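So the structure is just underneath, and the comments pick up after that.
The values are calculated or read from the model by the stated rules, or taken from the named source; none is laboratory data. On a predicted model such as this, the values are computed, not experimentally measured, just so you know. Here the Cβ is made from the backbone with ideal geometry for all residues, glycine too, and neighbour counts use every protein chain on show. The accessibility values were calculated without ligands, DNA or RNA, using every heavy atom of the protein model including side chains. Shrake-Rupley method; radii C 1.70, N 1.55, O 1.52, S 1.80 Å.
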Amino acid sequence: MTHVLAVDYFWGVDEDTFEEPILELERRVESLSGMGDDVATQRKRAQLEAELQAARAKVFSSLTPWQKTLVARHPRRPFTLDYIRYLVEGFVEIHGDRRYADDPAIVCGMAQYHGAPVLVVGHQKGAETEENIRRNFGMGKPEGFRKAIRLFELADRFGIPVVTLVDTPGAYPGAEAEERGVAEAIARAIMVMCRIRVPIVTVITGEGGSGGALAIAAGDIVIALENAVYSVITPEGCASILWHDGTKGDEAASSMRMTARELKDFGIVDEVVP
């Protein structure tokens, strides 16, 4: 991971600097390119690359909860469509809730996983600004959750297992979402996931935030990636409520016990993937 940005959708927190030692070593390695392949240069490059590997291991093995939150939000982390591209075959995306519209923030579709049919449902952010705006930063609207419900029920009818990929700061909080019943849609999605008979595997791939995450996270097995986070609210939102200061997200992140390992200890997730 390079150039971790403290991307926050509400508070505009400044960039964190914990990766600076890694970035400095990367710059030094890059400066050696084009300087020839003599023995001295090769030896220097090998030494710097070894230092770089050691620095990465040291930095990422001792991240604070806040730093893990920043990593979980990294715009270059894989998103649902990336996992779909590499893990399943024959993916056919299904659009719309048959009530209002389609929601690009939530991707749903059928595919084959090792030759077996599977339904994949996940939040989709964008790597670039334009795509992120189109995907609403991965924040689902009522029609997105109702689309997921439609597919959950379809999978249940045909006996197809479900995989959900969670990566969202939360459900979209705008007035139009409230007007279209976002709370009811989230509650019904959770209810349907609890009722259907097919197995559900949920994977927290990045940021699992609030009801927007819970709406597709009521799995039989819940897995979290090592640097994923999962909580009822963003750290900044928590800090704004408790301390009336949204910039104290780092303090809130430590208090909320929201990292993958902590969640495993509490029994909230079943497995942590390195």
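Restricting attention to region 117-145, the residues that are part of a loop (DSSP other than H, G, I, E, B) and either within 18 Å of R188 (Cα to Cα) or among the aromatic types (F, W, Y) (or both) total 3.
Among the conditions (1) buried (at least 17 other Cβ atoms within 10 Å of the Cβ); (2) under 19 Å from L151 (Cα atoms), the only one that C194 does not satisfy is (1). Within the option set F152, F158, being without any contact (Cβ under 8 Å) to a residue 60 or more places away in the chain, over 18 Å from the mean Cα position of the chain (by Cα) and surrounded by fewer than 21 Cβ atoms within 10 Å (Cβ to Cβ) holds for one residue only, F158. Between R43, R27, R98, the distinction of being within 21 Å of R150 (Cα to Cα) and more than 20 Å from the chain's Cα centre (by Cα) belongs to R98 only.
For region 48-93, the set of residues classified as without any contact (Cβ under 8 Å) to a residue 12 or more places away in the chain and either buried (at least 17 other Cβ atoms within 10 Å of the Cβ) or not small (G, A, S) (or both) consists of Q53, K58, D82, R85, Y86, listed by residue number.
I'd like the residue in region 226-247 that is free of Cβ contacts under 8 Å to residues at least 60 places away in the same chain and surrounded by 21 or more Cβ atoms within 10 Å (Cβ to Cβ) and, out of all such residues, is farthest from H123 (Cα to Cα). Once the filter is applied, the top-ranked residue is A239. For the condition over 28 Å from A127 (Cβ atoms) and assigned to a helix (DSSP H, G or I), what is the one hit in A177, A187, A148? Criteria check complete, one pass: A187. For region 117-134, filtering for residues that are open to solvent by less than 40 Å² (accessible area, probe 1.4 Å) and either at pLDDT below 95 or of a type outside the set (G, A, S) (or both) leaves 9.
Considering region 94-116 alone, what residues qualify as being in a strand (DSSP E or B), open to solvent by less than 60 Å² (accessible area, probe 1.4 Å) and not small (G, A, S)?
Step one: of region 94-116, the residues in a strand (DSSP E or B) are 106-113, 116.
Next, from what is left, pick out any that are open to solvent by less than 60 Å² (accessible area, probe 1.4 Å): 106-111, 116.
Once the filter is applied, which keeps residues that are in a strand (DSSP E or B), open to solvent by less than 60 Å² (accessible area, probe 1.4 Å) and not small (G, A, S), region 94-116 yields I106, V107, C108, M110.
Residues considered: A187, A215. Of these, the only one that is under 19 Å from F145 (Cβ atoms), of a type in the set (G, A, S) and either touching a Leu at 6+ places or on another chain (Cβ under 9 Å) or buried (at least 19 other Cβ atoms within 10 Å of the Cβ) (or both) is A215. R180 meets all of the listed conditions (1) free of Cβ contacts under 8 Å to residues at least 40 places away in the same chain; (2) open to solvent by 50 Å² or more (accessible area, probe 1.4 Å); (3) closer than 21 Å to D97 by Cβ but one, namely (1).
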